[in-house]
Each structure stands twice: as structure tokens, then as C-alpha cells.
Amino acid sequence: MLAAVSAQSAADKDKYALWTSTCDKWGFEWEPYEMETEDGWTVTMFRITKADGKDTRGGNGKPPVLMMHGAGMAAHSWLAG
């Protein structure tokens, strides 16, 4: 089951503080999605909705890209440079 959570709420910013600070640094807007796997794990995915002031939610004919971090890493590692 995939559940969208309101984009960048105060609670989300607190819950995902490292992700938030990295996105703020680089000017990204985002929204979290939480999914429960068949075996009961909760997986959080982040969708970047704006980069450089441009909406990234489609309309350009390009498919979305799923990027996964390595073991022992976190989502912000893709943005930290």
C-alpha cells in the first residue's frame, strides 16, 4: 500500500531532518511517500517536485527515475555531492 503524505509539512521536516536540510541547501522541494511491504517493513521514498524552481512532476515526456542508496547509506547521499 502506497500512501502520499502532504508535501513538506512541519512534521515531515522534523521526521526527515537530514533529508530536509540537504534539500533546502540545494533548493529542492519534495514530498515523502511511505509504503508497507508484504512482510511488514515500512519503506519511505522521496519525490523531488521542484529543482531550480522548475516543476519536476512530468509533462516533459520523460519517465520518473528510481534511485536507491547503498547499504549503510541514506537518501540524502544522492544530493550531498
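The values are calculated or read from the model by the stated rules, or taken from the named source; none is laboratory data. Please read all numbers here as calculations on a predicted model, not as lab measurements. Neighbour counts run over all protein chains shown; Cβ positions are idealised from the backbone, glycine included. Heads up: the accessible areas ignore ligands, DNA and RNA and are worked out on the full protein's heavy atoms, side chains in. Shrake-Rupley method; radii C 1.70, N 1.55, O 1.52, S 1.80 Å.
Which members of the range 39-74 meet the condition of being of a type in the set (A, V, I, L, M, F, W, C), at pLDDT 85 or above and in a loop (DSSP other than H, G, I, E, B)? If the condition is that a residue be of a type in the set (A, V, I, L, M, F, W, C), at pLDDT 85 or above and in a loop (DSSP other than H, G, I, E, B), then Trp41 is the only one that fits. Among the residues making up the range 3-29, those that are outside any helix (DSSP H, G or I), modelled with pLDDT of 85 or more and farther than 15 Å from Ser77 by Cβ are Gly27, Glu29.
Taken over the range 48-76, the criterion of being open to solvent by less than 90 Å² (accessible area, probe 1.4 Å) and on the phi < 0 side of the Ramachandran plot is satisfied by Ile48, Thr49, Lys50, Ala51, Asp55, Thr56, His69, Gly70, Ala74, Ala75, His76.
Let's see how each residue does on (1) without any contact (Cβ under 8 Å) to a residue 60 or more places away in the chain; (2) within 27 Å of Ala10 (Cβ to Cβ); (3) among the polar types (S, T, N, Q):
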residue: Pro32; (1), (2), (3): yes, yes, no
residue: Glu36; (1), (2), (3): yes, yes, no
residue: Gly40; (1), (2), (3): yes, no, no
residue: Thr44; (1), (2), (3): yes, yes, yes
residue: Lys50; (1), (2), (3): yes, yes, no
residue: Arg57; (1), (2), (3): yes, yes, no
residue: Met67; (1), (2), (3): yes, yes, no
